[in-house]
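For reference, the structure discussed in these notes is given below.
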Amino acid sequence: MAGLAGRIRRAWRYEVHAFWRARAINSNAVLYEAFNGSGMLCNPEALFRQLRETPDQARLRHIWALKNPRAARRDFRGDRTVRFVKSGSSAYYRALATSRYLISNATFPPQFSKRPGQIYLNTWHGTPLKHMGYDMVDGAFGTANIVRNFVSADYLLAANPFMARQMYERAYKLDGIFAGRMLLAGYPRIDRQTLSPEQSRAARARLAGLNLGDREIVLYAPTWKGASFAHPDDDLDALLDRVRQIEQGIDSTRYVVLLKTHQAVHALAAGRADLARVLVPNDLPTNVVLGLTSILVTDYSSIFFDFLATGRPIVFFTPDLADFEQARGLYLAPTELPGPVCRTAAAVAAVIGEVADHGRLPAFTQRYRVAQHDYVGQDDGAASARVIDIVFRGADPARALHESPRPARTSVLIYLGGMKPNGITSAALNLLGAVDHDRFDVSVAFAKSNAPARRASQRLVDPRVRQFARIGGMNGGVWQRLVRRHRGAPARAFAAEFTRCFGDSRFDHVIDFSGYGPFWAELLLHSPPAVRSIWLHNDLAADAHRSVGGAKRMLRGLTATFTRYERYDSLVSVSPALAEINARDLAAYAPQSKFTVAHNTVDVERILRGAAATEPATELEAEPADPNAASAESATDSAASALSAAGPRAAEQESARSGIFAPETDVTTTTFVTIGRLSPEKNQARLIRAFALVHARHPLTRLVIVGGGPLKAELSALIRDLNLSTAVILTGPLANPFPVLAAADCFVLSSDYEGAPMVILEALVLGRAVVTVAFASVHDALPHAAGLVVPQTDAGLAAGLTAFLRGEVAAGAFDHEAYVRRAVAEFYRAIGVPDDLDAELAELAPIERLAKR
């Protein structure tokens with residue numbers, strides 16, 4: 001019942017949100033949210049205070065989103081210009097949909113999609129000392145909602161040039177994509193550190209329960225630990241122990257040590273009775289506390305950057321420095337910090353004693369001055385006023401703008417597909433590594449997933465590429481969702497969804513590299529004006545009518561995709577023969593002039609690295625079957641598609657299971673190998689039957705079939721029926737199949753039809769001979785003279801295997817460097833890059849001539 005109640009509440013919130021998104025925007029409403037509702041804090045709080053004191057902004061109505069709004073309401077009882085909503089409530093989504101001004105220091109939730117007429121200011125919550133975004137290990141996975149919020153913002157506030165360059169542009173890859181204005185106007189919250197005597201007395205009164213008396217404050221403010229705000233590490237026992245140790249070593253008649261926890265862990269700390277005497281309350285803004293503080297003790301928190309503006313001493317207490325640097329990473333080395341770095345509480349106490357004796361830390365004077373210049377140079381106490389002047393009055397921000405020094409590049413957005421370990425994913429990953437990133441600013445899109453195999457594929461995306469992992473879903477109430485399910489969503493809904501996913505981003509070229517799903521095919525058509533291309537990895541008419549388990553599971557989805565073709569500029573097949581087939585069979589959906597060609601690229605380094613692996617490995621863990629993705633799984637076969645699912649461990653693993661290969665002394669046995677999904681169009685049954693004919697005459701032969709799929713049981717039964725259990729091995733899907741491919745003598749393909757099976761190219765890179773049946777695009781898939789093509793019959797395939805045994809099929813030399821150069825040039829031309837690439841294409845040999853005896 002609790003689960004049902006939760007779903008009903010969520011559905012109601014979606015309904016409310018959809019209702020208010022269709023209503024007028026309140027031009028005087030300002031919505032504030034700090035740390036996802038943790039309190040009236042940080043830059044939003046400073047701007048709120050300044051706006052309420054600014055006469056020409058008296059028309060504004062202020063709305064605070066808080067997790068616990070009850071206490072805040074008491075402080076503003078009777079003030080009709082201020083109201084509070086509970087974060088995540090129906091009232092919250094109303095405010096999010098109808099407020100003209102939106103101010104956050106973190107992120108709005110996945111449902112947020114900025115409406116025309118709204119102005120979004122993201123102030124973030126500090127200059128980073130520790131690594132952020134893509135600079136973190138596996139950091140791209142956690143950036144989805146953050147990057148989405150950033151590219152939706154009209155204004156991003158940077159405390160200093162370092163934050164603008166290192167965090168926004170590099171760590172979150174906003175350089176080249178952010179369409180708003182990045183402001184270097186100072187940090188509003190730092191304005192709050194300058195306290196009048198009256199303000200100081202009032203602030204100290206709010207700390208009366210901590211027994212300050214007349215003592216000076218030593219503030220211990222460590223950063224939070226953990227992978228996300230939602231799951232911070234509970235290290236409060238250690239923090240309390242450190243506070244006690246510092247207290248024991250200092251003059252307690254002069255100093256009092258207080259603990260300021262990060263917003264992410266304050267709720268945990270507030271419930272601890274043993275912390276009550278030292279814990280700074282969360283509703284007192286941090287920068288007001290800094291204004292009262294004589295000495296700051298911190299570790300890796302951005303709080304020290306703010307404190308520089310006071311000119312007072314900073315001590316860095318980092319007992320876990322080595323571990324933290326290795327696990328999280330730091331932008332500044334300890335030798336660059338504007339204060340001593342201490343590993344023990346006793347050392348911290350000694351530094352505090354030095355400050356007590358001398359009033360300062362002379363050894364750090366010069367370093368401190370440099371840090372003040374670099375990190376708080378814009379903070380003169382008037383940052384809030386400058387930001388209000390720009391955002392609320394529309395003043396010219398020229399003097400406060402951060403301009404990126406990097407020249408503009410051609411921007412490309414590529415939808416990668418479902419990121420399952422299949423041929424399309426492998427082809428996309430290869431392409432991302434081959435594109436000229438000095439010329440092209442590349443973004444990719446895919447649905448965010450926690451599935452291990454898809455996460456592993458995401459980790460293999462080239463680090464120079466920006467990732468838009470789609471989270472959440474299209475906005476709309478129950479009725480709108482029902483209409484979408486049965487009639488499709490209207491154009492305005494897709495336009496709003498593109499904005500929700502990509503904010504104000506603009507792309508010169510938009511590509512559906514998957515080409516199998518109508519949702520993404522439609523969504524990409526609602527980008528701002530761009531040249532749009534969609535990929536056709538197979539004979540799609542045949543795929544649409546292919547029966548799997550007695551049902552044409554792809555017919556409806558692919559037919560819906562075909563209806564979008566007329567609105568794309570280019571329909572890109574992965575081989576010339578495939579382009580002819582698709583142009584002929586899909587002529588009802590688009591004119592022949594739109595069909596073009598771009599061969600898939602191949603990642604030679606990954607192939608060779610995988611083949612060289614020597615450590616034993618297990619089978620690749622397969623995801624649950626997705627019947628709607630059946631064609632995509634097999635559209636472009638590739639050994640690398642299996643490797644992509646293995647993640648970082650793949651290069652250290654060998655996929656050969658016990659029994660695949662005989663001992664090295666057994667040099668007389670000839671091994672044939674095939675790699676592909678065990679599904680009908682691959683027709684491994686034909687290969688098994690053909691091999692049975694060969695094995696009867698040549699018993700020192702064996703066949704290794706790498707892959708998983710719905711026909712595993714059927715193929716296993718066929719092997720038993722033909723008495724081939726000792727000669728034919730079904731490995732299942734392997735984490736790294738390249739050692740198997742490299743150790744075999746000949747690669748064999750028996751498919752009924754294919755697009756551009758990259759596994760043939762992978763076999764050529766590894767110097768393997770190739771025997772393949774004659775599917776329609778075989779001569780495009782197999783570079784000239786690189787192997788043997790035989791009829792699509794049991795006898796024809798058996799004859800091909802026998803020809804190899806007689807020495808009549810040799811491994812061809814494959815000029816993979818030239819192949820990749822031409823394939824990339826074809827990609828540029830196919831997506832509509834200007835024709836200055838034609839000369840480059842003319843200089844390169846055709847794809848089919850890049851292999852020779």
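What percent does the relative contact order of the chain come to when contacts are Cα pairs within less than 8 Å and at least six residues apart?
Over the chain, the number comes to 10 percent.
Determine, for TYR368, TYR187, TYR819, the number of other Cβ atoms within 10 Å of each Cβ, and report the residues in order from fewest to most.
Ascending Cβ contact count within 10 Å gives the list TYR368, TYR819, TYR187.
So which trypsin sites (Lys or Arg not before Pro) in the range 793-825 end up in coil per DSSP with only 13 or fewer other C-beta atoms within 10 Å? Working shown, then result.
Numbers: sites: ARG806, ARG821, ARG822; in loops: ARG806.
Sites meeting the loop and neighbour criteria: ARG806.
May I ask what percent, to the nearest 5, of DSSP beta bridges between residues of the chain are antiparallel?
Percent antiparallel among DSSP bridges in the chain is about 10.
With all distinct Cα pairs included, what does the Kirkwood hydrodynamic radius of the range 10-188 come out to in Å, to one decimal, could you say?
Hydrodynamic radius (Kirkwood, Cα pairs) of the range 10-188 is 16.9 Å.
Can you tell me how the chain classifies by the Cα gyration tensor, rounded, prolate or oblate, using a/c under 1.5 as the rounded cut?
prolate
Using +1 at the C-beta of Lys and Arg and -1 at the C-beta of Asp and Glu, which of PRO188, LEU722, ILE146 has the Cα lying farthest in the positive direction of the dipole of the chain?
Going by the charge dipole, the pick is PRO188.
Sort all Cα-Cα distances of the range 535-589 into consecutive 10 angstrom bins from zero, then give the percent of pairs in each bin up to the one containing the longest distance.
The distribution over the range 535-589 is 24, 55, 19, 1, given as percents.
Mind scanning LYS448/LYS552; LYS420/LYS552; LYS552/LYS712; LYS86/LYS260; LYS260/LYS448; LYS173/LYS682 and naming the pairs with a C-alpha gap bigger than 32 Å? Could the numbers behind the result be given before it?
On the way: LYS448/LYS552 27 Å; LYS420/LYS552 21 Å; LYS552/LYS712 20 Å; LYS86/LYS260 25 Å; LYS260/LYS448 35 Å; LYS173/LYS682 41 Å.
Among LYS448/LYS552; LYS420/LYS552; LYS552/LYS712; LYS86/LYS260; LYS260/LYS448; LYS173/LYS682, the Cα-Cα distance tops 32 Å for LYS260/LYS448; LYS173/LYS682.
Among GLN326, ALA347, TYR220, whose Cα sits farthest toward the positive end of the charge dipole of the range 195-363 (+1 at Cβ of Lys/Arg, -1 at Cβ of Asp/Glu, about the Cα centre)?
Towards the positive end, the residue furthest out is TYR220.
Can you give me the Cα centroid spacing of the range 56-102 and the range 442-483 in angstrom?
What the calculation gives is 32 Å, centre to centre.
Using the basic label-point model (7 angstrom from Cα toward the beta carbon), what is the ALA451 to ARG369 distance in nanometres?
Here the modelled spin labels are 6.0 nm apart.
How much length would be gained if the chain were fully extended between ARG459 and ASP241, taking 0.36 nm per residue of separation minus their Cα-Cα distance, in nm to one decimal?
Additional length available on full extension: 74.6 nm.
May I ask for the distance between the Cα centers of the range 766-799 and the range 303-344, given as a whole number of Å?
63
Hey, any idea what Rg/Rh is for the range 197-335, computing Rh the Kirkwood way over Cα pairs?
That ratio is 0.94, to two decimals.
Note down the Stokes-Einstein diffusion coefficient of the range 244-318 in µm²/s, whole number, using a Kirkwood radius over alpha carbon pairs, 25 °C, and 0.890 mPa s. Walk me through the intermediate numbers first.
Working: Rh = 13.4 Å.
The Stokes-Einstein estimate is 183 µm²/s.
Give me LYS594, LYS260, LYS86 ranked fewest to most by other Cβ atoms within 10 Å of their Cβ, as a rough exposure proxy.
LYS86, LYS594, LYS260
For ARG806 and ALA22 in one chain, what is 0.36 nm times their gap in residues minus the Cα-Cα distance, to one decimal in nm?
Difference between extended and current length: 274.9 nm.
Name the shape class, rounded, prolate or oblate, that the alpha-carbon gyration tensor gives for the range 384-443, where a ≥ b ≥ c are the square roots of its eigenvalues, rounded holds for a/c under 1.5, and otherwise prolate holds if a/b is larger than b/c and oblate otherwise. Walk me through the numbers before you get to the answer.
On the way: a/c = 5.41, a/b = 2.55, b/c = 2.12.
Because a/c hits 1.5 or more and a/b exceeds b/c, the range 384-443 counts as prolate.
What order do you get for 311-320, 410-419, 431-440 when each peptide is scored by the mean count of other beta carbon atoms within 10 Å, highest first?
Most protected by this proxy first, the peptides run 410-419, 311-320, 431-440.
Going by how many other beta carbons lie within 10 Å of each one, how would you line up TRP64, TRP224, fewest first?
With the fewest neighbours first, TRP64, TRP224 line up as TRP224, TRP64.
Shape verdict for the range 663-808, please, from the Cα gyration tensor: rounded (a/c under 1.5), prolate (a/b greater than b/c) or oblate. Write out the running numbers ahead of the final one.
On the way: a/c = 1.24, a/b = 1.12, b/c = 1.11.
Rounded, since a/c falls under 1.5.
Each reported figure results from applying straightforward, stated rules to the coordinates on display, with no laboratory input. All values derive from a computational prediction rather than experimental measurement. Every residue, glycine as well, gets a Cβ built from its backbone with ideal geometry; the counts of neighbours run over all protein chains shown.
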